[in-house]
Structures are given as C-alpha cells and as structure tokens.
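Asks: After the structure tokens below, expect a handful of questions from me.
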Amino acid sequence: MIKDSETNIVYFSKLIENYYPKEINKITDILEKHGFEYGFLTGTNDIWCRDYMPVQKDVNSFVQFKFDPSYLKKYPEYLSYPKEVCSLNNFTPEFCDDINLDGGNVIKWDNKVIVTERIFKENNKYDQSQLIKDLEKILEVQVIIIPDITKDETGHADGHVRFYDNNTILVNKLDQEYLYWQDGFRKMIKKYGFKIIEVPWFTHYDKKHGRTAIGCYMNFLEIGNLIILPIFEVKGNKDQEVFDLFASIYPNKIIETININSIGKHGGLMNCITWNILK
C-alpha cells in the first residue's frame, strides 16, 4: 500500500477552480513552492475527489470500489461515476463493483488500513466477516475497524484518525468524543497494541450549515515531506496548539498552514478535496 508520505502528485476536481478559485490558488501556490505536481480531474460532479477515486496499492496498481454512498441518495446530482472519471482522466484501476466504499473512509499505511463501521451499513447484504476477508484480499493488507459516528453524515474515518507510524495512530482528542466512540476506539487500540497521539479539535456551527468541518485538524493533506494543515482562525480555535504539536512530532516535515473555512463549512477539508498518489 502506498503511504501518503510516498506520494508525489495531487489531483483536485476541476470544479474546485470554479467554486473556490481563491482557495485552490492558495493551495497550488504551496504545492508549487515545494516542487509538487498537481492536476485537475474532469468529469466529476462534486469537489470531494478523495471519495470517488481509486485506492493506490502500488505504483501501477489501483483499486476502484463502488461509489454509491447512502448520504447522496437525496442528492444524485452530486454523484460522480468513477468509471467515467477514470476513463476521462486516463486511469485504469481494477474495478471492485461488489464493495461499496468511499476513499475518505480508507486510512492507509503500508500494511494496513483503517475504515469505520459505516462499511457494514453501506454493504448490509454482505456478511460482515466475509466483507472484511474480501477487502483484505483485494487490498492485500490488514483491515482494522473503528466505530462509526452515527451523527456523522458520511461516516468517514479521515476526520478522526491518521497513521503516524506502523504502531501509532493520530486521533482526535478522545475526551471530547462520544462515549460509545471512545469505548470502541479504546477496545481497538488495546486489541492491536497501538499507541496514540491525541490531537486537539473543536466543534463549530454556523446558522446556515449547522455543524461544519471547521475545527477538524485531522483532515490535513500529507504529500511527500509536506503537510498542509488546516487552521481556522475563529473563536475557540486550537490553531497554535495543533501547529506546535505537528511541528514537534514531524520535525523532518515541512508544515504549511491554510485557512479554507469556506470549504470547511460544507463538511470537508484538505484530505477530502485531494487525491494524492505516487507517479
């Protein structure tokens, strides 16, 4: 499995240039500053390209899962069609139409991935143990399950956890999470023997959008030796605290901060709007 730290090019939906020109210019300026390539995907119907693009196993090996999330049932106009998008953009993954799985719910390390229990709801006709076995066979890694936040519309893992190394997981500060989520997560780390690094976060609401992604520092982009870390610059933020933490735990990485609150209001941040691979 290709880790984020091994990737060297990042893609965005071409739609983002129309919807958020200032924000994408800030992001591409950072990428150019540090010598990273980027491109834009045509044929997409929303900006959250992490979800409908393939999972990269090796430099020439990609797996594209079925993309038919329950949260888009009421909004079919935002449903992108991976086979069309991949064809239009000259990607030729292995298609796995039997398993319905968003890319935002796949947190990768070289020999394992983390997904939430949402995978069971999205594949409710599948025997759960068989689903995990099949997924492990397809991805050729160990699959680790964490709880699903039931009030989270997407149920993705990328707002909650990231791998730090083979034995350590970054996780949103646990005492702020729902008790059932804390309990399920603690059982998982005990089972697998993981260490954890807790990352501060906060909840943000606005009148128009309700609960937003603002406050979720975990939704950062890591590409090569670069981390683009969202900051929020709103009341109650943890911006400096999180930057200091990342600077201490990633001493050999370049950390750039960015405010993309206009995107965060709609439920996603840097990991959601990007698809980074090794080319």
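The values are calculated or read from the model by the stated rules, or taken from the named source; none is laboratory data. Values in this document were obtained by computation on a predicted structure and should not be read as measured data. No Cβ is skipped: glycine too gets one built from the backbone with ideal geometry, and neighbour counts run over all protein chains shown. SASA here: full protein model, heavy atoms, side chains in, ligands and nucleic acids out. Shrake-Rupley method; radii C 1.70, N 1.55, O 1.52, S 1.80 Å.
Asks: Over what distance in Å are the Cα centres of segment 28-86 and segment 184-245 separated?
Replies: Between the Cα centres of segment 28-86 and segment 184-245 lies a distance of 22 Å.
Asks: Quick check: from the Cα gyration tensor, does segment 66-144 come out rounded (a/c under 1.5), prolate or oblate?
Replies: The shape class here is oblate.
Asks: Taking θ = phi - 60°, what integer Hz values does the Karplus form 6.51 cos²θ - 1.76 cosθ + 1.60 yield along segment 77-94, in sequence order, with x for Gly and Pro?
Replies: 5, 9, 7, 8, 10, x, 4, 5, 4, 4, 5, 5, 10, 6, 10, 10, x, 7
Asks: Also, quick follow-up: List the residues, sorted by chain then number, that are 5 or more residues from Thr116 or on another chain and whose placed amide H is less than 5 Å from its amide H.
Replies: Ile146, Ala157
Asks: Roughly what % antiparallel, to the nearest 5, for the DSSP beta bridges in the chain?
Replies: Counting only bridges with both partners in the chain, antiparallel ones make up about 40 percent.
Asks: Continuing with the same structure: Can you list the residues, at least 5 places off or on another chain, whose amide H is less than 5 Å from the amide H of Ile258, using H built in the peptide plane?
Replies: Excluding prolines and chain starts, which carry no amide H, the hits are Leu229, Ile231.
Asks: Let me ask another. Please state the shape class of the chain: rounded when a/c is under 1.5, otherwise prolate if a/b exceeds b/c and oblate if not, all from the C-alpha gyration tensor.
Replies: rounded
Asks: In what sequence, largest accessible area first, do Ser87, Ser5 appear using a 1.4 Å probe?
Replies: The ordering from most to least exposed comes out as Ser87, Ser5.
Asks: For Cα pairs less than 8 Å apart in space and 6+ apart in sequence, what is the mean separation divided by the residue count of segment 166-276, i.e. the relative contact order in percent?
Replies: Over segment 166-276, the number comes to 25 percent.
Asks: Okay, moving on. Which whole-Hz couplings ³J(HN,Hα) result when phi for each residue of segment 250-265 is put into the Karplus expression 6.51 cos²θ - 1.76 cosθ + 1.60, θ = phi - 60°, listed in order with x for Gly and Pro?
Replies: So the Karplus estimates, Gly and Pro as x, are 10, x, 9, 10, 8, 10, 10, 9, 8, 9, 10, 4, 4, 7, x, 4 Hz.
Asks: A follow-up question, please. Under the classification rounded if a/c is under 1.5, otherwise prolate if a/b is larger than b/c and oblate if not, where does segment 28-168 fall, given a ≥ b ≥ c as square roots of the Cα gyration tensor eigenvalues?
Replies: Rounded, because the longest to shortest axis ratio a/c is under 1.5.
Asks: Sticking with this one: Can you list residues whose amide H is under 5 Å from Ser13's amide H, if they're 5+ apart or on another chain and H is modeled 1.01 Å from N?
Replies: Correct list: Leu41, Cys49.
Asks: Using the Karplus curve 6.51 cos²θ - 1.76 cosθ + 1.60 with θ = phi - 60°, work out ³J(HN,Hα) for each residue of segment 228-243 in order, rounded to whole Hz, and write x for Gly and Pro.
Replies: Listing the rounded values in order: 9, 9, x, 10, 10, 6, 10, 4, x, 5, 10, 3, 5, 4, 6, 4 Hz.
Asks: Give me the dipole magnitude in Debye, nearest 20, for segment 146-279 about the Cα centre, with unit charges on the beta carbon: positive for Lys and Arg, negative for Asp and Glu.
Replies: 220 debye
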